[in-house]
1. Can you tell me which residue among Leu35, Leu76 is of a type in the set (A, V, I, L, M, F, W, C) and touching a Lys or Arg at 6+ places or on another chain (Cβ under 9 Å)?
2. Being buried (at least 17 other Cβ atoms within 10 Å of the Cβ) and more than 15 Å from Ala199 (Cβ to Cβ) is the requirement here; does Met131 meet it?
3. Which one of these does Thr176 not meet: (1) part of a strand (DSSP E or B); (2) in contact with a Lys or Arg (Cβ under 8 Å, 6 or more places away or on another chain)?
4. Would you tally the residues in the range 183-202 being more than 8 Å from ligand 1 (Cβ to nearest atom), surrounded by fewer than 21 Cβ atoms within 10 Å (Cβ to Cβ), among the small types (Gly, Ala, Ser) and in a loop (DSSP other than H, G, I, E, B)?
5. Output yes when any residue across the range 131-140 is part of a loop (DSSP other than H, G, I, E, B), touching a residue at least 60 places away in the same chain (Cβ under 8 Å) and not basic (Lys, Arg), and no when none is.
6. Scan (1) more than 28 Å from Asp119 (Cα to Cα); (2) within 12 Å of ligand 1 (Cβ to nearest atom) for the single condition Cys157 breaks and write down its number.
7. Taking the condition of being free of Cβ contacts under 8 Å to residues at least 60 places away in the same chain and of a type in the set (S, T, N, Q), how many residues in the range 153-207 meet it?
8. Can you report the number of residues in the range 115-134 which are over 20 Å from Val5 (Cα atoms) and in contact with a Phe, Trp or Tyr (Cβ under 7 Å, 6 or more places away or on another chain)?
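Each value in this text was obtained by applying a stated rule to the coordinates, not by laboratory testing. Fair warning: this is a prediction, and the values are worked out from it, not measured in the lab. Quick reminder, even Gly has a Cβ in these numbers, built from the backbone with ideal geometry, and neighbours come from all protein chains shown.
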Amino acid sequence: MDVNVVNHPLVATRLSVLRDKETGDPEFRSTLDELTSLLVYEASRDLPVRVGEIHTPVSPAEGYQLDSPPLLVPVLRAGLGMADAARRLIPESTMGFVGLARDEETFEPRAYMESLPEDLSGSRAIVLDPMVATGGSLLHSCRLLADRGCEDIMIVCVLAAPEGIDRLAESGLPLTMVTASVDDGLNENAYIVPGLGDAGDRLFGAI
Ligand code: PRP
Ligand code: URA
């Protein structure tokens with residue numbers, strides 16, 4: 001699996017704000033929104049475009065349109081914190097949803113909702129979730145997409161643990177990843193170290 005770790009000063013500074021335990025929830029939300037724009041910009045670099053003729057006030061010129069815009073798939077809850085920024089950047093996109101909560105004993109995801117097009121053959125998807133820890137949640141989400149025929153799945157996350165990357169890479173699914181950092185690993189609670197804590201709780205509160 002191709003993993004693109006975005007090396008950019010603006011990504012590094014915003015990631016530091018997210019990691020800092022002194023960052024309050026409102027600033028966490030706005031900073032995740034900013035960071036998502038930077039990551040989706042990178043993730044969309046190779047989207048195919050259609051070329052046609054447009055007319056400037058002065059002359060004809062080459063114009064571009066996205067050819068088959070991607071399906072954006074935020075993984076609830078925490079992925080919702082990335083959805084607005086991704087949609088702003090690619091307004092031509094459509095959006096589907098997967099709802100998962102990780103069981104804090106087995107660390108496996110429990111699915112509670114999905115809303116996805118039935119047929120995704122020949123299409124591409126950008127899956128949004130700030131955290132890839134064991135990789136179980138992303139594996140479940142990406143399988144749903146691949147089972148519907150999606151042939152090109154880009155994962156956009158803030159942090160990925162090596163354990164999660166290995167699990168996704170071994171799945172054989174058509175995956176690539178854009179991330180702000182590959183962290184050191186997981187602790188005994190399957191939290192990413194150094195990580196940023198519980199992304200869903202910092203965005204929406206502990207429930
Ligand atoms: C978090 C996170 C990922 C998942 C990562 O969600 O947003 O979806 O855990 O862990 P994994 O790689 O080990 O599966 P969580 O299940 O805590 O739900 P939330 O987004 O509702 O807080
Ligand atoms: N989910 C989170 O929100 N953070 C982690 O470090 C691992 C899973």
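1. Leu35
2. So Met131 does not fit the description; no.
3. Result: Thr176 passes all but (2).
4. 1
5. no
6. Result: Cys157 fails condition (1) only.
7. 2
8. Adding up the residues that qualify gives 1.
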